[in-house]
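Quick note: the coordinates plus some simple rules give every number you see, no bench work behind them. Because the structure is a prediction, the values reported are computed rather than measured. Here the Cβ is made from the backbone with ideal geometry for all residues, glycine too, and neighbour counts use every protein chain on show.
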Amino acid sequence: MIKTIFDFSFAIVLLFTTLPVIVIIGIILLFTGDNEIFYKQKRVGYNNQNFYIFKFATMYKNSEYLGNKDFTIRGDLRITPIGRILRITKINEIPQLINVINGTMSFVGPRPLLLNGYNGYPESVKKEIYNIKPGITSLGSIYFRDEELLLTKSKLDPKAFYKKNILLFKGELEIWYQKNRSFIMDIKIILLTLILLFKKENKLLYKYFPNMPKTSFDIN
């Protein structure tokens, strides 16, 4: 109940606070790219039910049917010039406040994936990961906050690299979060999300969550 009240109240406050930014970005997007402001996409959410996630439009029209449908890489030709800036700064995620307000998402929870990405999880993870609402941020999304760059630099095929080194550990982190979650933990994750936008050190994650799962794959 505390989490639900916090999500709704904080989302309303942030929506009004960021309204000037939303308007400015909306005007820019209206006159650039494909002249679209918002983008919605079907994702897997609470209880494995589909829902539509909202973001600022960062790709050209019909881009979801071009190239790789499960993830993007840095310099992806489907991304508009202004879209690159919005994605790097994570400003493109602001419209997800609408998802929090309408109850399909929380501030903290497992990131909602496309169906193809979701199907890449082991069955044990698929059964549990969305027993709670998906979130705007999570331990997995913080740890792999530069996912596009990682996929670009990888010597492996991006799809193989994503499945082997990113998706499996993301699932492990999200399940661990579910088993240990608390309101205080959510506040820490929100703060770390903001801090690590400017500081590239995953050591901070383990400082605040020393029992968090570890992996031999280090992004730093």
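Here are a few things to note about the model shown:
- Label-point separation, Glu36 to Lys188 (7 Å along Cα→Cβ), nm: 3.9 nm
- Both radii are taken from the alpha-carbon atoms of the range 77-220; with Rh as the Kirkwood radius, Rg/Rh is 0.93.
- Reach of Lys179 by Cα under 20 Å, taken over lysines that are not fewer than 8 positions away in the same chain: Lys3, Lys126, Lys127, Lys133, Lys170, Lys188, Lys207, Lys214
- Secondary-structure-derived ellipticity at 222 nm for the chain, considering helices only, amounts to -12500 deg cm²/dmol, per-run term -39500 (n - 2.57) for DSSP H runs with n ≥ 4.
- Approximate spin-label separation Met1-Lys214, in nm, with each point projected 7 Å along Cα-to-Cβ: 4.1 nm
- Placing +1 on the Cβ of every Lys and Arg and -1 on the Cβ of every Asp and Glu, with no other charges, gives the chain a dipole of roughly 360 debye about its Cα centre.
- Stretchable slack from Asn102 to Asn119, in nm (0.36 nm times residue separation minus alpha-carbon distance): 3.5 nm
- Site pair Ile88 and Phe16 shows an inter-label distance of 3.4 nm when each label is modelled 7 Å from Cα along Cα→Cβ.
- Compared with the direct C-alpha span, the chain from Tyr60 to Lys159 gains 33.5 nm at full extension, assuming 0.36 nm per residue.
- GNM top mover of Asn119, Asn48, Asn99 - the chain, alpha-carbon springs below 10 Å: Asn119
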